[in-house]
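Notes to accompany the following structure.
What follows draws every value from the coordinates through simple rules; no lab data is involved. In this text, all values refer to a predicted model and were calculated from it rather than measured experimentally. Because the Cβ atoms are built from the backbone with ideal geometry, glycine has one as well, and the counts that use them run over all protein chains shown.
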Amino acid sequence: MKTSSIAWIAGTMLLAFTATAHARLDTRTMSCEQVRSLIQGHRAAVLTTGQNTYDRYVRQYGNECDWPEVPTAASVPARDGQCRVYRCQEPVFNFPN
């Protein structure tokens with residue numbers, strides 16, 4: 001293959017990956033019910049929550065988190081206010097001394 005063909009293919013792939021990243025759903029444009037439904041239906045979803053922020057959200061009861069992480073309550077902005085969802089985090093144990 002010619003060098004220009006390889007560069008064209010690499011550029012096209014980079015553009016495709018960039019377009020995919022911008023296609024992530026934004027919780028701020030959805031109602032809380034839509035956000036929860038999306039997560040429940042897909043078991044987990046990576047969602048945009050602000051101009052430069054995103055995270056992976058999961059169902060409350062499921063096995064979408066890698067060990068030792070567990071679903072932990074979180075809040076995301078939605079069109080109709082703050083929405084309670086869950087994301088994977090390592091549990092924090094506060095043992096008494």
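Descriptive notes on the structure:
- Of residues in segment 29-38 being surrounded by 15 or more Cβ atoms within 10 Å (Cβ to Cβ) and more than 12 Å from the chain's Cα centre (by Cα), the one nearest to Cys88 (Cα to Cα): Arg36
- Members of segment 50-97 found to be more than 15 Å from Ser37 (Cα to Cα) and aliphatic (A, V, I, L, M), listed by number: Val70, Ala73, Ala74, Val92
Residues checked against (1) in contact (Cβ under 8 Å) with a residue 40 or more places away in the chain; (2) of a type outside the set (A, V, I, L, M, F, W, C); (3) crowded, with 18+ Cβ neighbours inside 10 Å; (4) in contact with a Leu (Cβ under 7 Å, 6 or more places away or on another chain):
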| position | (1), (2), (3), (4) |
| --- | --- |
| Gln40 | no, yes, no, no |
| Ala45 | no, no, yes, yes |
| Pro71 | no, yes, yes, no |
| Ala74 | no, no, no, no |
| Asp80 | yes, yes, no, no |
| Gln89 | no, yes, no, no |
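- Qualifying residue in segment 57-67 (condition: among the charged types (D, E, K, R), surrounded by 14 or more Cβ atoms within 10 Å (Cβ to Cβ) and not in a strand (DSSP E or B)): yes
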